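Below you'll find the structure, written out as structure tokens, and then a few comments.
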Amino acid sequence: MIKNKTITKIPPCGLCGKSRKPRQKTECCGNWVCGNENEYVMFSYSRNICSRNHRRFTLCAYHHTENHKGDWKTCKKCRDSFEHELEMYVWYGTNEYNFKKLSNPPTFKPTYCSKCGKRIVLPEGGFSSLCGVYRCDNCPVTDDEREKIISDYKKKTGEDA
């Protein structure tokens, strides 16, 4: 005699829609995602593991990791954590790795290279930052410039030189 076995069907990934294995629920919001983070190749910058993408690139996961209370979409602590890079806050709340997105993301001032004036898109990388001074990869900071940036920063913040 064969007993009836109940087969639980795991839904597809809520981000990419694929039904590949493994799939698990996210710790932060309990949504199904695919991918095994152990398969990530260091320094590959690959974005093909949905579980990793949601954990690393969303306010939802950040809010959970930081043990903030309430809904991440209205969390003042999350917003304040990104006060100096509001562009990143908006990106973390609206990118394709979210199940739900910020409905009214705040506007932000774009970031520009302090030397050539080229627009820097923070989530895309390709820049350096030192004491609030941004440079695109085409305009590296020299040793003399580095010392001046640090000195100016210390004067501005009242730190000892």
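Computed from the coordinates by the stated procedures, all read-outs in this text should not be read as laboratory data. It should be emphasised that the depicted structure is a prediction, and the values quoted were computed from it without experimental measurement. FYI the Cβ positions are ideal-geometry reconstructions off the backbone, even for glycines, and counts take in every protein chain you see.
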Cα centroid distance between the range 48-71 and the range 89-161, in Å?
22 Å
Hey, what do the phi angles of the range 132-138 turn into as Karplus ³J(HN,Hα) couplings, whole Hz, using 6.51/-1.76/1.60 and θ = phi - 60°, x for Gly and Pro?
x, 9, 9, 9, 6, 5, 7
Karplus-derived 3J(HN,Hα) from phi for the range 14-23 (6.51 cos²θ - 1.76 cosθ + 1.60, θ = phi - 60°), whole Hz, x at Gly and Pro, runs x, 9, 9, x, 7, 10, 5, 9, x, 10
Protection proxy ranking of 44-52, 148-156 - average other beta-carbon atoms within 10 Å, highest first:
44-52, 148-156
Student exercise, the range 65-161 dipole from Lys, Arg, Asp, Glu Cβ charges, in Debye to nearest 20
460 debye
Which ³J(HN,Hα) values, rounded to whole Hz and listed in residue order, are derived for the range 35-52 from phi using the Karplus coefficients 6.51, -1.76 and 1.60 in 6.51 cos²θ - 1.76 cosθ + 1.60 with θ = phi - 60°, glycine and proline given as x?
x, 10, 4, 5, 7, 5, 9, 3, 6, 7, 6, 5, 10, 9, 10, 4, 4, 5
Highest average packing first - 61-68, 86-93, Cβ atoms within 10 Å
86-93, 61-68
Formal net charge of residues neighbouring E37 (Cβ-Cβ distance under 9 Å; K, R +1; D, E -1)
+1
May I ask for the net charge around P12, where only other residues with Cβ less than 9 Å from the Cβ of P12 are counted and Lys, Arg are +1 while Asp, Glu are -1?
+3
Thinking of the chain as a set of Cα atoms, what percent of all their pairs are more than 24 Å apart?
52 percent
Comparing L122, L130, L59, which has the greatest mean-square fluctuation in the GNM of the chain with Cα pairs linked when under 10 Å apart?
L130
For the range 111-157, the Rg and Dmax computed from alpha carbons only, in angstrom
10.8, 31
Per DSSP H run of at least 4 residues, take -39500 (n - 2.57); add these up for the chain, divide by its residues and hand me the 222 nm value, nearest 500 deg cm²/dmol.
-8000 deg cm²/dmol
Residues with amide H under 5 Å of Y134's amide H, sequence separation 5 or more or different chain, H placed in the peptide plane at 1.01 Å from N; which?
S114
